[in-house]
Amino acid sequence: MREYLDFEKPIAEIEEKLEKLGAAAQDRPGTQDDLRKLRARLHQLQTEIYTNLTPWQRTQVARHLQRPSTLDYIGRLCDGFVELHGDRAFGDDHAIVGGLARLNGRAIVVLGHQKGKTLKERMFRNFGMPNPEGYRKALRLMRLAEKFGKPVLTFIDTPGAYPGIGAEERGQAEAIARNLLVMATLRVPIVSVVIGEGGSGGALAIGVADRLLMLQHAVYSVISPEGCAAILWNDAAKAPDAAEALKMTAEDLHHLGIIDQIVPEPIGGAHRDSVLACDAVKKAVEAHLSALLDLSLEALLQQRYEKYRRMGVLVGE
């Protein structure tokens, strides 16, 4: 069953008509012309809606339950994926998955947040909110990549790091800070892709990359719109206003120099055609990874240093 967002109701109505008309087409000759007109109207409507999404609507798209996940991208982009588990200190965090794989024959280390799609899966994955052991597992994998000289590919899709008491007791802040420090100087190329929701330090902990890509309808921000609204206005209902103010869309972040490329999505969002979405990501990742592998280690680290030094600089008129 396809899930529709509130602003997609006009699309849902046309698709319902198409389904009914298609089912009756065998018994009613001459309906092909009506089907063509409805499909053309559907395409036009999808284009109009998805070309003019508000930041809040994009947030809803980024959180869509049927949007491709990290494991979907790994399955489509990579061959021979071997998942590795555990942080060798506490346990295995199911909110982060990762391991060894091949991308076009090249050995890489790949990892990312995993939310799950059904309620049972999402509970198992803690809704994509990692505990410290998740970030330490990611760190172990990145250290492994450095040891054997393999590039790192990460997928970002989390509302944020898990804020529970147990997570804080086990050093959530330290685990995130440690990843930031290590990724800043990791001696292999790093490519990160924001595939859905990039929330706060929970996203940044696997996102300090040489190239940061972002899907067209993904969002990336220091805080969720609901959290921002609750803090600023004491009213979570103002989340749409917060989403506008946070400048969290791909276009905003590309303009600000935070991300390096916007990866286009199929009309209607990545959840409409996961194969097309995955193929677009694969093409972009391969291009950036090839460019990074052509650099010397010294040039790679210098470019990474300069990239993050440029962020946040205010230039006067």
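Structure notes:
- Residues located in the stretch 188-229, provided they are buried (at least 20 other Cβ atoms within 10 Å of the Cβ) and free of Cβ contacts under 8 Å to residues at least 24 places away in the same chain: CYS228, ALA229
- Single residue of PRO55, PRO68 found to be closer than 23 Å to VAL285 by Cβ and either without any contact (Cβ under 8 Å) to a residue 40 or more places away in the chain or not basic (Lys, Arg) (or both): PRO68
- Total residues in the stretch 83-124, condition under 21 Å from LEU293 (Cα atoms), of a type in the set (D, E, K, R) and touching a strand residue (DSSP E or B) at 6+ places or on another chain (Cβ under 9 Å): 1
- Only one entry in ILE156, ILE195, ILE176 is closer than 28 Å to GLN216 by Cβ, part of a helix (DSSP H, G or I) and among the β-branched types (Val, Ile, Thr), namely ILE176.
- Against the conditions (1) in a helix (DSSP H, G or I); (2) within 18 Å of PRO55 (Cβ to Cβ); (3) touching a helix residue (DSSP H, G or I) at 6+ places or on another chain (Cβ under 9 Å), TYR220 satisfies every one except (1).
- Residues in the stretch 137-149 include none that are closer than 23 Å to HIS217 by Cβ and either surrounded by fewer than 17 Cβ atoms within 10 Å (Cβ to Cβ) or touching a Gly at 6+ places or on another chain (Cβ under 8 Å) (or both).
- Selection of the stretch 227-271 for residues being of a type in the set (Lys, Arg) and either at negative phi or within 14 Å of the chain's Cα centre (by Cα) (or both) yields only LYS238.
- Checking ILE49, ILE74 one by one, the residue that is over 28 Å from ALA287 (Cα atoms), buried (at least 17 other Cβ atoms within 10 Å of the Cβ) and either touching a helix residue (DSSP H, G or I) at 6+ places or on another chain (Cβ under 7 Å) or in the same structural domain as ALA237 (by TED's automatic domain parsing) (or both) is ILE49 and no other.
- The sole residue among LEU289, LEU276, LEU232, LEU301 that is of a type outside the set (Lys, Arg), crowded, with 17+ Cβ neighbours inside 10 Å and assigned to a helix (DSSP H, G or I) is LEU289.
- For the stretch 76-123, the tally of residues that are in a helix (DSSP H, G or I) and either of a type in the set (Ser, Thr, Tyr) or touching a residue at least 60 places away in the same chain (Cβ under 8 Å) (or both) stands at 2.
The values are calculated or read from the model by the stated rules, or taken from the named source; none is laboratory data. Quantities reported herein were computed from a predicted structural model and do not represent experimental measurements. Note that we place each Cβ from the backbone using ideal geometry, even for glycine, and neighbour counts take in every protein chain shown.
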